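Worksheet for the structure shown next.
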Amino acid sequence: KQWYQRRVRGAAFLYAIVFGSATNIIMQMGAQQSRFLDQQQNLELYTKVNKFPQALKNRVEDYFYYQWYNSKGIEPSKMMSNWPRNLKEDTSLFMHRVLFAEWPVFSQASTGCRRALSSLIKRHGVTPGDCIVHTEDCVESIFFVVKGHLKILKDGAVIGILTKGDTFGDKWWPTEPTGKAVADVMAMTYAELEVLPHESLREILIKFPDFWDIWVKKLDITFELGQHGKIFEDLPEDLKMFIKVERMPAHNTEMIDETEFDKNDTGDDLIRETRELLTQLEEKMAKKNKK
């Protein structure tokens, strides 16, 4: 009899565990489905109220479903907002592991540099037909293709194909303003890109001077998008100076003229010269306003 009672209690305990686990799974599935339906309805309402054309609506919905498939509606930035810095960096290193392992410009960087980079690089998913860069866009980032295929278009013709392991953008340097794109880059398939903005790169180059040499020698740009030569054509001289100064990092700005700056100048000299140039520009603008 005791043996029978123990068997019954054991079976009841096992049944409670299985039933409780199944109930928990169903509840989680229900909550996730509810979030999905809420966002789907909001998207449907948004496109309807704003009278999206069908083609654009299809693209928006395609992106929504693709992102939900990959993330299940979870926003990493919100989830990690209260995490300690070292845990955030460890998580980011893991999420960007393909980039840091397969691109020599990152795999040969110091541990501290990679940890800092991991928090600044952003992962973006794109769907077929998405135009990542348009002709004449300011190229303010460097893109690393970790999944999928992209095509490069110039005047409507395909001039190149990019795939996993390729890099495109502007091989940025702190003393050069950003260039304008000379071609369109469009997704052919679902693709994943790792994106490093120039502003974030500047921050890294200041904090980790040893990364400069690696950046110059190891970064291999598959397709150079930026065009620097014709950005400022047909502009008044004072406007050229103003734009060029504004588009350069303040910590390392060169003199705005046709001659090369002295390679031995220090950063302080360059900043001083830039301030003098801005003062001259303000005086010119003030004189014009008086006239």
### Message
Against the conditions (1) crowded, with 17+ Cβ neighbours inside 10 Å; (2) more than 16 Å from residue 190 (Cβ to Cβ); (3) out of contact with any Lys or Arg (no Cβ under 9 Å at 6 or more places or on another chain), where does residue 126 fall short? Just the number, please.
### Response
(2)
### Summary
Those residues of region 203-216 which are under 27 Å from residue 150 (Cα atoms) and surrounded by fewer than 16 Cβ atoms within 10 Å (Cβ to Cβ) amount to 216
### Task
Can you work out which of the residues in region 159-194 that are aliphatic (A, V, I, L, M) and open to solvent by 10 Å² or more (accessible area, probe 1.4 Å) is nearest to residue 69 (Cα to Cα)?
188
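The values are calculated or read from the model by the stated rules, or taken from the named source; none is laboratory data. Everything quoted here is computed from the prediction, not taken from an experiment. Every residue, glycine among them, receives a Cβ derived from its backbone with ideal geometry; neighbour counts consider all protein chains shown. Please note that ligands, DNA and RNA were not included when accessible areas were found on the heavy atoms of the full protein model with its side chains. Shrake-Rupley method; radii C 1.70, N 1.55, O 1.52, S 1.80 Å.
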